[in-house]
Amino acid sequence: MAKGRVSIVVERCKACGFCVEFCPTHVLALSSAFNSKGYHPPHVVHPEKCSGCDLCGMYCPDFAIAASKVASGKGGEK
Amino acid sequence: MTPDLQKADLHKDERHTADPGGVLTGIHFMDGDHACCEGALAAGSRFAAGYPITPSTEVVERFAARVPTVGGTFIQMEDELAASITLQGAVWAGAKAFTVTSGPGFSLMMEHIGYAAMTETPCVFVDVQRGGPSTGLPTLPAQADMMQARWGSHGDYEIIALCPNSPQECFDLTIKAFNLAEEYRVPVMFMMDEVVGHMTEKVVIPPADQIEVVPRKHTHKSVADYLPYGTNGDLVPEMAHAGDGYKFHVTGLTHDERGYPNMTPPVQDKLVRRLQNKILNAVDRISMFEEEQIEGADVVVISYGITSRVAQRAIEAARKKGLRVGKLRLITAWPFPDKKIRELAAKVKAFVVPELNLGQMVREVERAASGQAKTFAVSHAGGGVHNPEDILKVIVEAGR
Amino acid sequence: MTDSVNTDLVNLEVDPVVNPVEAFLRSDRMPHIWCPGCGIGTTVNSFARALIDSKVDLQTLALVSGIGCTGRVAGYVKLDSFHTTHGRAIPFATGMKLANPKLNVVVYSGDGDLSAIGGNHLIHAARRNIDLKVICVNNLIYAMTGGQSAPTTPDGSTTSTNPYGVFEPSFNLPHLVEAAGAVYVARWTTFHVRQLARAMAEAFQKKGFSFIEVISPCPTLYQRRNKMGDGLDAMKFYKEKSKVRHGAPTSEVGLTMTGEIVVGKFVDRDRPDYQNLMGAQYTHSLGDRYVEQPPVEQEPVCS
């Protein structure tokens, strides 16, 4: 059972790659799908590895992703 | 004879009077610069940011001495660029604020005058005019910043400009300047000149309860309903201050009613026309004059500031010669009273416009006259005041 | 793995994670104008975290910015925010703070805005120790106007106004502001998201002139013109080249194009701030005649 989960606001993403690179457990990868601006947003490839640390959220310059610990539900990292 | 300075009056239900703490009630013998400072304090200003420049410095020197005993702040900034925007930060924090300068500093302040016009920041810029251009004549008078007061910043915007001609008016009209700034949410240019600033005369400061003061047009709307640049048809939006809880945005970029940047032609058109119309639609309420013997006049002398006092001599001499000369003193130079001049031009032979410059407000007179009357400039490059003889000569010529 | 994702499904998440930064954003203005890989948005995440962690009263927080890409932060944050003129955020903020000392005033602006056209105001506000928290996002270039040289552009870089390479020595901003009188001086990069948030939180609690420099990528101009890749390449570069040296002498933290980036908290000292000095002087000189500026009457906001 994953300790954390990630939400992605696909339409805000500009595919900079920060979240993919800096996720400590490599949960994410850029997908081959497109958002309406033509960017490839990330998607979760290893959900079981997510710790909910929210480094992805902290790095994202477009406010397009956030993670939280599963136990605390909504509201981001404690 | 005394102009009705309350003519451009408040159209508000509530009447507010001055805070006695800032009013130096009494009969004083005071120069224009000092009287201007007292006017600011009487108007409720408790913040000034300044930078020294002759012949204006005394205004803020006095403010620096007075304000710590009244409860406020003066800061001498590192340059006029800073002073002219520091005062605006103070306004958005809730203060009535002003700065004081002369030609070279006025030039430096132009960007921020435009910012005040664009963001509708109520404030007062005092320009004690001196000889120019450039460093010019630091200690000697001119009236050559009049066009700059109106057009000095880039883009389309309107301002209000007042011209006192005595230390008493430096007191009274500074209060008026602050009141107009608050009423129209506009930067007001207070166009003194070195003579008026440095002449010492009797200044009567009335009791605080006889001084009418216009308060900040602060919104009472809820956070959800408040639009920082929304208007109800009176063209002047209600204001909020930092710290009130509205979490609003102010920008010099072209913006919509939410204050959000919206750089499109329709929004630009709407905004800039409103900034213009809020002043131009109110010219009749904003304009102040001193008129004398206009009825039946052949020649009307239009003047302002110190030149109006010299012109008075010339007008009286002309009347002694049997000429029918009227006097129109501009107390409000901007917005220019187009309609009034146009109507007058139909009735008179000529206008004579003496100024301490090579022809500035005379151009406005000529434009407004639309060829219905002749317009004669009596220019003076500055550095002193006119010889009344020189004005008389032109009055006589104009009356032919 | 990297198969095509049904993005609709992702958008229709039943119970999406709430991003803590969202509460501070004008969501109606998203997406923002910053380029892909620009670091400014990343600094805003740290800013939001710092606001949450330091429990700053948001009602009395005012944010003032200048002109440039970083200047646009003011328009995107849901605070009393003022987008002023180029180089003049600091004097505007000074007026705001002095007129209402209860306000916590943050200046959020770029390296060109703060150190070139705004340089004079930067040094005087530091000298006076005005109680302002200055966040200087340094992308080493004038980005908004298309990539011209800034006083911070490192020697050897290519810009549109130095097409043959910058040959001017560049500013060492921490050194400059320390010398001018700042009481808190730190530098981080957009890689150091958590340390940056902590530094901002410290600055919010500190009285006096605080200055935090954040090295941030400009992929479109600085990175591209200097063949240094994109925003992600810049972030990896920061990770590789940064050395944390708390308390390092600021004279030693100058930046070069490809050299070490010294980060950390360099200065944390106490000096009376401008308002303290002013009050003390007036009390000393005027005694009973000194009338302190009354607090601003905040009009009650109707809900």
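Coordinate-derived values only; no laboratory data. In this text the structure is predicted, and so the values were computed from the model without any measurement. We place every Cβ from the backbone using ideal geometry, glycine too, and count neighbours over all the protein chains shown.
Legend: Rg and Dmax of segment B:1-286, from Cα coordinates, 18.0, 55 Å. Using every pair of separate Cα atoms, the Kirkwood estimate puts the hydrodynamic radius of the protein assembly as shown at 28.3 angstrom.
Taking segment C:5-97 on its own, what percent of its Cα-Cα pair distances exceed 19 Å? Percentage above 19 Å: 50. The label point for residue C:280 and the one for residue B:387, both projected 7 Å from the Cα toward the Cβ, are 6.1 nm apart. Taking amide H atoms as placed 1.01 Å from N in the peptide plane, the amide H of residue B:50 lies under 5 Å from those of B:75, B:76, B:77, each 5 or more residues away in sequence or on another chain. Here, segment C:62-188 yields an orientationally averaged convex hull projection of 7.5 nm² when only Cα atoms define the hull. Cross-link reach is defined here as a Cα-Cα straight distance under 16 Å, omitting same-chain residues fewer than 8 places apart; for residue C:265 the aspartates and glutamates meeting it are C:178, C:202, C:213, C:252. With the simple spin-label model, which puts each label point 7 Å out from Cα in the Cβ direction, the residue C:236 to residue C:207 separation comes to 4.8 nm. The 3J(HN,Hα) values that the Karplus relation (6.51, -1.76, 1.60; θ = phi - 60°) gives for segment B:352-361 are, in residue order, 10, 10, x, 8, 8, 6, 8, x, 10, 5 Hz. Gly and Pro appear as x. Neighbours of residue B:146 by Cβ distance under 11 Å: Lys/Arg scored +1, Asp/Glu scored -1, total -3.
Annotation: average projected area of segment B:226-285 is 4.5 square nanometres, based on the convex hull of Cα atoms across all directions. Could you compute how fast segment B:1-141 diffuses translationally, taking Rh as the Kirkwood radius over C-alpha pairs and applying Stokes-Einstein at 25 °C with viscosity 0.890 mPa s? Give it in µm² per second. Rounded, D is 154 µm²/s.
Comparing B:49, B:208, B:242 in a Gaussian network model of chain B where C-alpha atoms under 10 Å apart are linked, the largest mean-square fluctuation is found at B:242. With the gyration tensor restricted to C-alpha atoms of segment C:162-303, the semi-axes of the equivalent ellipsoid amount to 39, 19, 15 Å, longest first.
Sequence-ordered 3J(HN,Hα) estimates for segment B:286-302 from the Karplus curve with 6.51, -1.76 and 1.60 and θ = phi - 60° stand at 7, 5, 10, 9, 10, 10, 8, 6, 6, 4, x, 6, 8, 10, 10, 8, 9 Hz, glycine and proline given as x.
Reducing segment B:189-258 and segment B:86-131 to their Cα centroids gives an inter-centroid distance of 13 Å. One decimal place: the segment residue C:245-residue C:292 gains 12.7 nm when fully extended, by the rule 0.36 nm per residue minus the C-alpha distance. Seen from residue C:159, the other residues with C-beta closer than 14 Å to its C-beta sum to a net charge of 0, counting Lys and Arg as +1 and Asp and Glu as -1. Site pair residue C:271 and residue B:135 shows an inter-label distance of 3.2 nm when each label is modelled 7 Å from Cα along Cα→Cβ. Taking the number of Cβ atoms within 10 Å of each Cβ as an exposure proxy, the fewest-first ranking of B:109, C:278, B:288 is C:278, B:288, B:109. Pop the C-beta distance of residue A:37 and residue B:64 into the FRET formula with R0 = 51 Å and round what comes out to the nearest 0.05. Working from the Cβ atoms, E equals 0.40. Which residue fluctuates most in the GNM of chain C (Cα springs below 10 Å): C:98, C:61, C:286? Maximum fluctuation in the GNM of chain C, among the listed residues, is at C:286.
The long axis of helix B:57-66 is offset from the longest Cα principal axis of chain B by roughly 50 degrees. Per-residue Cβ neighbour counts within 10 Å put C:142, A:39 in the sequence A:39, C:142, beginning with the fewest.
The C-alpha atoms of chain B define a longest principal axis, and helix B:80-92 lies at about 60 degrees to it. Neighbouring Cβ atoms from other chains, within 10 Å of the Cβ of residues in C:289-296, number 5 on average. Remark on residue B:326: its backbone amide H falls under 5 Å from those of B:298, B:299, B:300, B:301, a criterion applied only to residues 5 or more positions apart or on other chains, H modelled at 1.01 Å from N.
Sequentially through segment C:206-221, phi angles give Karplus couplings (6.51, -1.76, 1.60; θ = phi - 60°) of 8, 8, x, 7, 10, 9, 10, 8, 10, 6, 9, x, 10, x, 5, 10 Hz, Gly and Pro residues having no value and appearing as x.
Relative to the longest principal axis of the Cα atoms of chain C, the long axis of helix C:40-54 lies at roughly 40 degrees.
Out of C:71, C:147, C:229, any idea which swings most in a Gaussian network model of chain C, alpha carbons joined below 10 Å? Maximum fluctuation in the GNM of chain C, among the listed residues, is at C:229.
Take each residue of peptide A:51-58, count the partner chain Cβ atoms within 10 Å of its Cβ, and average: the result is 4.
Taking 4 °C and 1.567 mPa s as conditions, chain A diffuses translationally at an estimated 106 µm²/s according to Stokes-Einstein applied to its Kirkwood radius (Cα pairs). Remark on residue C:211: its backbone amide H falls under 5 Å from those of C:134, C:184, C:185, C:186, a criterion applied only to residues 5 or more positions apart or on other chains, H modelled at 1.01 Å from N.
Would you mind checking the pairs B:247/C:227; B:247/C:236; C:97/C:243; B:270/B:339; C:55/C:241; C:206/C:243 and listing those with alpha carbons more than 31 angstrom apart?
Over 31 Å Cα-Cα: B:247/C:227; B:247/C:236; C:97/C:243; C:55/C:241.
Going by neighbour counts of Cβ atoms within 10 Å, the residues B:102, B:222, A:7 line up, fewest first, as B:222, A:7, B:102. Spread over its residues, the convex hull of the C-alpha atoms of chain C is 157 Å³ per residue. Where a Cα-Cα gap under 16 Å defines reach, which aspartates and glutamates qualify for residue B:327, not counting those fewer than 8 residues away within the same chain? Residue B:327 reaches B:4, B:290, B:291, B:292, B:295, B:298, B:316, B:343, B:355. Where the alpha-carbon atoms of segment B:290-399 are placed on the principal axes, they occupy 32, 30, 22 Å, in descending order.
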